[in-house]
Structures are given as C-alpha cells and as structure tokens.
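*Asks:* What follows is a single structure, and I will ask about it in a moment.
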Amino acid sequence: MIDSIKQLKKHLNLTEKELSWKEGPQSLPVRITDYYMSLIDPTDVNDPLRRQCVPTAAENKTATLEDQDPLKEVEHSPSPRFIHRYKNRIALLTTDICAQYCRHCFRRRFTGNLLGPLTEKDIQECCSYLEKHTEIQEILLTGGDVLTLSDSYLHKLISSLRKASPRLVIRICTRMVAVKPDRITDSLINVFKSFPEAPFYLMTQFNHPRELTEEAVKAVAKFIDAGIPAFNQTVLLRGVNDSADTLEELCSALVFNRIKPYYLFQGDLVTGTETFRVPLERGLAIEKELRTRLSGLAMPVYAADLPQGGGKVPLCGSYIEGKDESGWIFRTTDGQTRIYPDPQE
C-alpha cells in the first residue's frame, strides 16, 4: 500500500504539479494499492490511471460554485451516517475508508477522515428508520468502500438490515474490484449467498478499459456466478476517458464480461475537482457519438447529479425535432429524418 508522497516517489518520477500538492481539509490522503500501481505506466506522466490516484496541486484550488457537499447530502441525512434523498431508497455510509482514494471523489467531505465503520448505535438508528419508513425499498451500502469491512462485520450488518426490512434490495457500491480484486474471496461471496431473502446488486466503477484486467473480471464474475448482477457507473473524467473511442472500448468490454454499463456521470461540482470536469458541450458530443456506436445494452445513461441537491437527471439531446400534420419529426442518430404519427382515433 502506498500512502505517502515519499512512498510514491519510489514508484514514479513525480511532476512539479504532483510535488506541489498539499494535503488539507478539502483534499484526500494519498492511498494507492500495490495492484493498481502495477497497472500504471511509470514513463507516462499523462497515464489515465495515474491521473485518477496521484494528487496534484490542482486539488488545492477551489473553482466557482464548487462545494464540499455539492449534492447537499448533509441536508438529506436523518442521521450522519445515512442519506435519504430519494423517496424509495437510502444510502448508508458504512465506513469512510477506501482501499484507494480517487482524486475525483465526490464525497471528500466524509471520505478519508478516519471515522471508521458504523457503530452499533449507527446501525440501530438506520434499522429503526427502515422500520418506520416502509416506503424504502432499496439501500446503497457505500461510504467510503463497504468492502473494506471484514466478512464478519458485513454479515452482522446485513443481518440487522434484513431483520429491519426483509424485502430490502441491497446495492453493494464498491471500487474494490477495480483497485484490489484479491479482496473478492469465496468467503466474502458466501456472506452474500447466506442471505437469499431479497436480491443484491453489485455497483462497480470502472473508468478506463485498462482497469478491466483479468483479475478484475474474475473478481466481478464471482458475484455474477453467485446470482448477483453487476452494473457499472463510470465518471466522465478529463484526461482519463473523455473520448468516444475510450468509452466505446470500455463499454463493449464491460458488456462482454457481463457487466451492464449503467451510468456515465458528468463530474460533480466538488471542491478541488475542476481539473477532472469535462465541458458539458463536449460530454454531450461524446454521448451523441456513442449512440451511433453502441447497442442499447452497452449504452450507459449520461447523467448529472445536479448541485444543491437537485438529484440525478439524464443528459442527452432530444431526437424530437418537432411536429407537423404528418406526425412527430425525429432525427436519427446518423442525422436523417423520420416521421412517427400519433394514432388516429
């Protein structure tokens, strides 16, 4: 594990911008797994994997409208460790620890503060809330990274949640399969297999095709083979994957390996992350191009989580050009025109 600039210097010839980074309240600690470091090309200062995990001085700057909590999660938190922003689901912040800290992290207000796992009191607060709010159908086990928790802790946590709400659908939100795939052991999978009452879903984050290694694919396959479907949420990142070619390769590889590309997220307005955000006009152009290259199965939903707690909205150009006496006028993905008439009553 690499957890300091001093250790990082042993692996990479750091640039001036990387050496100028200062850890502070709006930043995150350095934490890179040995596995992920092995995937980085040390001769390429612009390596897309390096960019995701090695901090730079750009992280110490605050751009216009950036905020530590741009999604206003705190305002939607009945308790400090869970968020209820959408009526039928909540996000449970199981721990603030990750196996590796991504420099584009949107929850840097919470992540990496050494708060540790949920306490017994935290778990009981969440369970009591679930019992009172029967409209909640899904829970996202997130953080931090839920899979940094031990197998025994996970079993205890899930047991408590299932007892409070037996039909609760559980999403396992993790980057572990991409940064430390050897964490995915048979013992871990058996924890989830011991709870057949309601489904689990694996929510991964692969941002670049090179992250989808043989080890990573095998780790995800353990979940899928255990009956847990896998969905991927990619963040659109400048200098990492902001091209149709890169995203086409990633999405096609995901589908081939039984992982559904779910979301392609526009970068959130988080303090210190402007260097990663892609201009929206460019993002829309990439989305438009991907529509011509990918099947519906391989196409993720390009979306933004709006500032000030506005929630997720899809970002895509409308293919409706207008309407005349013959019907609705549509533009095809390759620029042609088609008419779709309304039914005649």
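The values are calculated or read from the model by the stated rules, or taken from the named source; none is laboratory data. Keep in mind the model is a prediction, meaning the values are calculated, not measured. As a convention, Cβ positions derive from the backbone with ideal geometry for all residues, glycine included, and neighbour counts pool all protein chains shown. Side chains included, ligands, DNA and RNA excluded: accessible areas come from the protein's heavy atoms. Shrake-Rupley method; radii C 1.70, N 1.55, O 1.52, S 1.80 Å.
*Asks:* Determine, yes or no, whether residue 257 is free of Cβ contacts under 8 Å to residues at least 60 places away in the same chain, touching a helix residue (DSSP H, G or I) at 6+ places or on another chain (Cβ under 7 Å), of a type in the set (S, T, N, Q) and farther than 17 Å from residue 285 by Cβ.
*Replies:* yes
*Asks:* Moving on. Looking only at strands (runs of 3 or more DSSP E) that fall completely inside segment 225-325, which ones have 3 or more residues that are surrounded by fewer than 16 Cβ atoms within 10 Å (Cβ to Cβ) and modelled with pLDDT of 95 or more?
*Replies:* Qualifying strands (runs of 3 or more DSSP E): none found.
*Asks:* Among the listed residues 81, 51, identify the single one that is under 23 Å from residue 305 (Cα atoms), touching a strand residue (DSSP E or B) at 6+ places or on another chain (Cβ under 6 Å) and not acidic (Asp, Glu).
*Replies:* Unique residue meeting the criteria: 81.
Conditions (1) charged (D, E, K, R); (2) under 27 Å from residue 28 (Cα atoms); (3) in contact with a Leu (Cβ under 6 Å, 6 or more places away or on another chain), marked per residue:
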site	(1), (2), (3)
139	no, yes, yes
146	no, yes, no
158	no, no, no
166	no, no, no
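*Asks:* With the requirement that a residue be closer than 17 Å to residue 1 by Cβ and open to solvent by 10 Å² or more (accessible area, probe 1.4 Å), what does segment 81-98 give you?
*Replies:* 97, 98
*Asks:* Quick one: what pairs do we get from segment 15-40, first residue in contact (Cβ under 8 Å) with a residue 12 or more places away in the chain and open to solvent by 40 Å² or more (accessible area, probe 1.4 Å), second part of a loop (DSSP other than H, G, I, E, B) and of a type in the set (Asp, Glu), C-beta under 8 Å, 6+ apart or different chains?
*Replies:* Filtered contacts from segment 15-40: 31/3.
*Asks:* Which of (1) of a type outside the set (A, V, I, L, M); (2) at negative phi; (3) outside any loop (DSSP other than H, G, I, E, B) is the odd one out, the single condition residue 344 does not satisfy?
*Replies:* The single condition residue 344 does not satisfy is (3).
*Asks:* What pairs can you find where one residue is in segment 138-157 and closer than 14 Å to residue 200 by Cα, the other is surrounded by fewer than 17 Cβ atoms within 10 Å (Cβ to Cβ) and at pLDDT 95 or above, and their Cβ atoms are less than 6 Å apart, with a gap of 6+ or different chains?
*Replies:* 138/169
*Asks:* Looking for something touching a His at 6+ places or on another chain (Cβ under 9 Å) and more than 20 Å from residue 114 (Cα to Cα) - is there at least one such residue anywhere in segment 68-77?
*Replies:* Looking for residues that are touching a His at 6+ places or on another chain (Cβ under 9 Å) and more than 20 Å from residue 114 (Cα to Cα), one finds at least one in segment 68-77, hence yes.
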